[in-house]
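Trainee: I'd like to ask some things about the structure below.
The values are calculated or read from the model by the stated rules, or taken from the named source; none is laboratory data. Everything numeric in this text was worked out from a predicted model, so none of it was measured. Heads up, the Cβs are rebuilt from the backbone with ideal geometry, glycines too, and the neighbour counts pull from every protein chain shown.
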Amino acid sequence: MAVKLNELDQDNYILLERRSHLGGTWYDNQYPGCSCDIPSTLYSFSFEPNPNWSHFFARQAEIEAYLEYCADKYHIRQHIQFETTVIDCKWLDDRQLWQVTAQSNGQEKYFFSRTLVSGCGGLSNASFPTTIPGIDSFEGEMCHSAQWNAKIDFNKKRVAVVGTGASAIQIVPEIYKMNTSQLIVFQRTPPWIIPRIDRQTTQWEKRLFARFPSVQKLIRGVIYWAAETAVLSFVYRWPIRYIFQELVKFNLERQVKDEAFRKKLTPTWELGCKRVLISNDWYSTLQKQNVTVVIDQIREVKQHSIVTSDNVEYSVDIIIWATGFQVQKIPLPMMGINGCSLHEQWRESIQ
């Protein structure tokens, strides 16, 4: 949006960023194995193709670097006020302006504008399971995947990972490689998994994309329409969706031979009802000798353990909460015309 405003010679705008760096979710999420699950050629700005992606699926660090590069190239950084946290937004009927209240360096600031755009995104605030009794009593190491603590030592430790979503399927295989003595995965809902068709981008391909950008643009278009076709097949109930369903079932059956364990990892919902995840090492990691998958609900957390609803107690040294983000919650108070709260307006659904 800022790039397009500059193109229109509209430079009277400010971007408020609570972090010390730009990048949003690609700055916050720095857990092991963090990468995009959308092909790199598509996961980039159409006006700034990048011929130098290292892999078919870009890693977190290079996506963040790409965003930094774009901000500098298009002169966006000068409009950003970093370490400025918005705490309140309200519409002033008498002045026909938005008043934005923010905090920066311990001081309160006020901004006034005719137009206010919320660019917080849905993946900005980590969702901790605060309702679990005893969570604050745990004496071991504990962190959320979106607030990764790189100082944690996993060597010969008993590790619990809570969650089996998009972050967890990247974290678990990487943690397993860190010589953990035991890895326990607490699963609420099993996901459908499709293979991750990933590889390094060759130097020849990079030179080709740099010399002939239209080739990369063509590949981008093919990937886009292939993805759209898959989504539309679920939305409009096209028969082709049954082929996709059988393929993901085959992928599970091919990798997990034990019938009882396979049943534990099989979703009860139809493919397409929730996010489909991509991984080549999720199923294989879960079948390692020192890895356990627990499907019973967590009842409480104790000083050195997690207790489930079936009264089984699992001793752990480290807990990783891969429990996603507060997607349904409006991240900041926003009052519109006549004092109407956006939070109340969207309380049941943001659709």
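Trainee: Return the pairs, sorted by first residue and then second, in which the second residue is modelled with pLDDT of 95 or more and of a type in the set (D, E), the first residue lies in segment 61-88 and is assigned by TED's automatic domain parsing to the domain that holds V100 and surrounded by 15 or more Cβ atoms within 10 Å (Cβ to Cβ), the beta carbons are less than 6 Å apart, and the residues are 6+ apart or on different chains.
Mentor: C70/E48; I80/E17
Trainee: All but one of (1) under 30 Å from S341 (Cα atoms); (2) part of a loop (DSSP other than H, G, I, E, B); (3) touching a Phe, Trp or Tyr at 6+ places or on another chain (Cβ under 7 Å) hold for Y31; state the number of the condition that does not hold.
Mentor: Unmet for Y31, out of (1) under 30 Å from S341 (Cα atoms); (2) part of a loop (DSSP other than H, G, I, E, B); (3) touching a Phe, Trp or Tyr at 6+ places or on another chain (Cβ under 7 Å): (1).
Trainee: Next up: Only one of S137, S124 is surrounded by 17 or more Cβ atoms within 10 Å (Cβ to Cβ) and over 22 Å from I175 (Cα atoms). Can you tell me which?
Mentor: Every option except S124 fails the conditions.
Trainee: Can you work out which of the residues in segment 79-112 that are part of a strand (DSSP E or B) and among the basic types (K, R) is farthest from Y27 (Cα to Cα)?
Mentor: Filtering segment 79-112 for residues part of a strand (DSSP E or B) gives 80-81, 85-92, 97-104, 107-112.
Still in the running and among the basic types (K, R): 90, 109.
Working: K90: 28, K109: 25 Å.
Among those that are part of a strand (DSSP E or B) and among the basic types (K, R), it is K90.
Trainee: List the residue pairs whose Cβ atoms are under 6 Å apart, where the first residue sits in segment 26-40 and is within 25 Å of D153 (Cβ to Cβ), the second is surrounded by fewer than 18 Cβ atoms within 10 Å (Cβ to Cβ) and modelled with pLDDT of 95 or more, and the two are 6 or more positions apart or on different chains.
Mentor: Sorted first by the residue in segment 26-40, then by its partner, the pairs are P32/E174; G33/E174; S35/R59.
Trainee: Which number in (1) at pLDDT 85 or above; (2) exposed (fewer than 14 other Cβ atoms within 10 Å of the Cβ); (3) not assigned by TED's automatic domain parsing to the domain that holds R188 marks the one condition that S309 misses?
Mentor: All conditions pass for S309, except number (3).
Trainee: Residues that are aromatic (F, W, Y) and in the same structural domain as R188 (by TED's automatic domain parsing): find the helices (runs of 4 or more DSSP H) completely inside segment 211-290 holding 3 or more of those.
Mentor: Numbers: elements: 213-235, 240-255, 259-264, 282-286.
Passing ranges, in order: 240-255.
Here's the yes/no breakdown for (1) closer than 20 Å to S305 by Cβ; (2) out of contact with any Pro (no Cβ under 9 Å at 6 or more places or on another chain); (3) without any contact (Cβ under 8 Å) to a residue 40 or more places away in the chain:
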residue	(1), (2), (3)
P133	yes, yes, no
K151	no, yes, yes
K157	yes, yes, no
G165	no, no, no
T180	yes, yes, no
